[in-house]
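Enquirer: Got a structure for you, written out below as structure tokens; questions coming shortly.
Please treat every number below as a calculation from the coordinates, not as lab data. Note that the structure is predicted; figures quoted are calculated from it, not measured. For neighbour counting, all protein chains shown are included, and Cβ atoms are generated from backbone atoms with ideal geometry for every residue, glycine included.
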Amino acid sequence: MKTLEKADEGSDIVAFGRRDLVTGSRVTQRNPRFWWVSDIKTFYRALGQADVSAGVLALEESSKLAAFGTHIEAHLSAWGKPLIVVGTPKIIGPATMRLFGSHLVKYLPTHVGEVGVENTVEVMRHIALQHAVHKLHQKGILPDTDSTKLLFNPKSQRLDFKKVAGLFGIAERRLAAIVDVLPTTANKTPDSKVIHEKLLPFERIARGLSELDDDQDAFKRWLNTPNPELSNATPLQVIEKGKADVVADMVSAASLGQPI
Amino acid sequence: MLEGTALTAALEAIDPAAFNGPLFRCVSLRALLGLKNDPGGKPVITRDPDFLYADGPIKVGGRFTPKGGAPCLYTGETEHTAKVEKRQGAAFHTVRRKPGIEVTYSLEATLSAVLDLTDRDVPGKLETSRSEIIEPWRFRTDGKVPPTHVLGSAVVASKRFSAIRYPSAANPRGRCIVIFIELLNPGEAVALADEDSIFHQIMSMAGP
């Protein structure tokens, strides 16, 4: 059985096929984002990995793409990742047309270069994200998060521990204890994936800022005011007992117009 | 509040009551229309209003609904009760007195299987009291499951009742009814009171 060990930790685009169709024959330098695999099964398995963000198939013959097409079609939505097919226009034919109907699949002509593929991946990911967000908005599932933008690290798009501590007026050491992370870890990686997930209830609570015209002082006052719905404990006291979810539900209930 | 098999047996011994008449709901316009702000800060409608939306308590809990419980509609028997219940549930009322735009509307209910906790005899049969029914449920200092959740879950499991009538926690003279929509029996119904079909006309004007 083939292992899935990557050539490089930073590589997040898995590629299979003839590399020269992408890069052109004169390119010799390795692009650290690309992980070229030697067989199609490894390629499929890699696409299922969380740290792989896109796939590239560099093929010359349409028959090869047609042979892979059924498996790809069946798994594309589960992978949920952009797939870029690089080749000459002749690889697009009746047998492969359906594959190109997916918004996740993009055709690029040969010799586009690895940088060209990278740029396309970024554009596709951006469009896919917008599409997903739009669908959630349409369903009314995604609440208005404008008010909580201030809690996110703009680069990683994840919640930032220090910013959350600041808005809630909680000492960083205390917040670390509440969400059960080491203060040194929170200090070193304040927007790590693990910390982001632990801070999600805090983001739901902060959505209440929109009810308070984004007045952060009023929000802090509210956090420290006894609330009859919480048996006259303050929201902050409930949060400090490790029950941020309860306060988050109360805020969500308010936005849904639920009675007490 | 009784629990377990004692509660189940007590519920079996209580006769379902009937309720026929209007019920009221009050919701924020923001929630009803799914208003979101566009990048320019302008509110945008993101969904058609669902006046019988019953999934809210599943997501965030309700007085008789543990999170993840049965879909249900919380209503007030008067407009005033619906309004004050909503306002006190508005989380931020402790620092903000002015509510946003609210929409109050009425429903026509025909119910034949109501557990009536406002009936003088019923709370005693369940070994509960008015104060236990209206006490805060979302956060309890003793960490115990709220008695109203124990009762709500038992009512849903019994399938003997499709609704619970109970005293309002926000309006001392008011009464509320929570309707478990999936437990409605043949002949029971809850519908938006829209005699002139105005809502339906507006919706058809808005297009598909």
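Enquirer: Would you compute, from DSSP H runs of 4+ residues alone, the mean residue ellipticity of the protein assembly as shown at 222 nm, taking -39500 (n - 2.57) per run and dividing by the full residue count, rounded to the nearest 500?
Expert: Working: 21 runs with 180 residues, N = 468.
About -10500 deg cm²/dmol.
Enquirer: Provide the per-residue ³J(HN,Hα) series for region B:142-159, in order, calculated from phi with Karplus coefficients 6.51, -1.76, 1.60 and θ = phi - 60°, each as a whole number of Hz, with x at glycine and proline positions.
Expert: Coupling constants for region B:142-159: 7, x, 7, 5, x, x, 5, 6, 4, 5, x, 5, 5, 5, 5, 5, 5, 6 Hz.
Enquirer: What do the square roots of 5 times the Cα gyration tensor eigenvalues come to for region B:1-54, in whole Å, largest first, as semi-axes of the equivalent ellipsoid? Don't jump to the answer; show the numbers that get you there.
Expert: Details: eigenvalues 365, 51, 13 Å².
The equivalent ellipsoid of region B:1-54 has semi-axes of 43, 16, 8 Å.
Enquirer: Another question, if that's okay. Need one value for B:73-80: mean number of C-beta atoms belonging to other chains within 10 Å of its residues' C-beta atoms. Walk me through the numbers on the way to the answer.
Expert: On the way: counts 0, 4, 1, 1, 0, 0, 0, 0.
Average per residue, whole number: 1.
Enquirer: Continuing with the same structure: What per residue convex hull volume, in Å³, do the alpha-carbon atoms of region A:146-256 yield?
Expert: Convex hull of Cα atoms, per residue: 90 Å³.
Enquirer: Now for a separate question. Of the candidates B:Asp50, B:Asp15, B:Asp142, which one comes out as most mobile in a Gaussian network treatment of chain B with C-alpha springs shorter than 10 Å?
Expert: B:Asp142
Enquirer: Just name one of A:Phe152, A:His111, A:Val181: the one whose Cα is farthest towards the positive end of the charge dipole of chain A (beta-carbon charges, Lys/Arg +1, Asp/Glu -1).
Expert: A:His111
Enquirer: Choose one answer from A:Gln237, A:Gln216, A:Gln29: the residue with the largest mean-square fluctuation in a GNM of chain A with alpha-carbon springs under 10 Å.
Expert: Judging by the Gaussian network model, the answer is A:Gln29.
Enquirer: Quick one: dipole size for chain A, taken about the Cα centre, charges +1 on Lys/Arg Cβ and -1 on Asp/Glu Cβ, in debye to the nearest 20.
Expert: Values: 33 positive and 30 negative charges, 138 e Å.
Here chain A has a charge dipole of around 660 debye.
Enquirer: While we're here: For chain B, what's the radius of gyration and Dmax over Cα atoms, in angstrom?
Expert: 18.0, 59
Enquirer: Using θ = phi - 60° and the Karplus relation 6.51 cos²θ - 1.76 cosθ + 1.60, list the HN-Hα couplings for region B:60-70 in order, rounded to whole Hz, with x at every Gly or Pro.
Expert: 10, x, x, 4, 10, 10, x, 3, x, x, 7
Enquirer: Separate question: When chain B is treated as a GNM, springs tying every alpha-carbon pair under 10 Å, which of B:Ser112, B:Ser168, B:Ser158 comes out with the largest mean-square fluctuation?
Expert: Highest fluctuation among the options: B:Ser158.
Enquirer: Of B:Gly100, B:Pro147, B:Thr118, which is farthest along the charge dipole of region B:75-160 in the positive direction, counting Lys and Arg as +1 and Asp and Glu as -1 at C-beta?
Expert: Working it through, the farthest residue towards the positive pole turns out to be B:Gly100.
Enquirer: Got a sec to turn the phi values of region B:43-55 into Karplus ³J(HN,Hα) couplings, 6.51 cos²θ - 1.76 cosθ + 1.60 with θ = phi - 60°, whole Hz, x for Gly and Pro?
Expert: x, 10, 6, 10, 7, 6, x, 10, 5, 10, 4, 10, 8
Enquirer: If you don't mind, there's one more thing I want to ask. Could you work out the Kirkwood radius for region B:41-88, taking every pair of different alpha carbons, averaging 1/r and inverting it, reported in Å? Numbers along the way, then the final one.
Expert: Values: mean 1/r = 0.0798 Å⁻¹.
It is 12.5 Å.
Enquirer: Then there is this: List the aspartates and glutamates whose Cα sits under 12 Å from the Cα of B:Lys159, skipping any in the same chain fewer than 8 residues away.
Expert: Leaving aside aspartates and glutamates fewer than 8 places away in the same chain, those within reach of B:Lys159 are B:Glu12, B:Glu182.
Enquirer: Right, something else. Using every pair of alpha-carbon atoms in chain A, split the distances into 5 Å bins beginning at 0 and state the percent of pairs per bin, rounded to integers.
Expert: So the P(r) values, bin by bin, are 1, 5, 11, 13, 13, 11, 9, 9, 9, 7, 6, 4, 2, 1, 0.
Enquirer: Now for a different question. Provide a whole-number value for the mean count of partner chain Cβ atoms within 10 Å of the Cβ atoms in peptide B:25-36.
Expert: Taking all residues of B:25-36 together, the mean is 4.
Enquirer: So if I restrict to the alpha-carbon atoms in the protein assembly as shown, what is the Rg, and what is Dmax, the biggest pairwise distance, in Å?
Expert: Over the protein assembly as shown's Cα set, Rg and Dmax evaluate to 27.9, 90 Å.
Enquirer: Starting from the 7 Å offset along Cα-to-Cβ, what nm value, one decimal, do you get for the label separation of B:Ala189 and B:Glu12?
Expert: Rounded to a tenth, the inter-label distance reads 3.4 nm.
Enquirer: Additional query: Would you order B:Ile134, A:Ile91, B:Ile181 from fewest to most other beta-carbon atoms within 10 Å of each residue's own beta-carbon?
Expert: On the way: B:Ile134 18, A:Ile91 23, B:Ile181 15.
Fewest-to-most ranking of B:Ile134, A:Ile91, B:Ile181: B:Ile181, B:Ile134, A:Ile91.
Enquirer: Relative to the Cα centre, what is the charge dipole magnitude of region A:146-256, using +1 at the beta carbon of each Lys and Arg, -1 at the beta carbon of each Asp and Glu, and rounding to the nearest 20 debye?
Expert: Numbers: 16 positive and 16 negative charges, 104 e Å.
Roughly 500 debye, rounded to the nearest 20.
Enquirer: Please check chain B for the longest run free of trypsin sites (Lys or Arg not before Pro) that are loop-located per DSSP (anything but H, G, I, E, B) and have at most 12 other Cβ atoms within 10 Å.
Expert: Values: sites that count: B:Arg97, B:Arg120, B:Lys144, B:Lys159, B:Arg173.
Longest site-free region, per DSSP loop and neighbour criteria: B:1-96.
Enquirer: Can you give the Rg/Rh ratio of region A:13-138, where Rg is from the C-alpha atoms and Rh is the Kirkwood radius? Could the numbers behind the result be given before it?
Expert: On the way: Rg = 14.1 Å, Rh = 14.8 Å.
Reported Rg/Rh (Cα atoms, Kirkwood Rh): 0.95.
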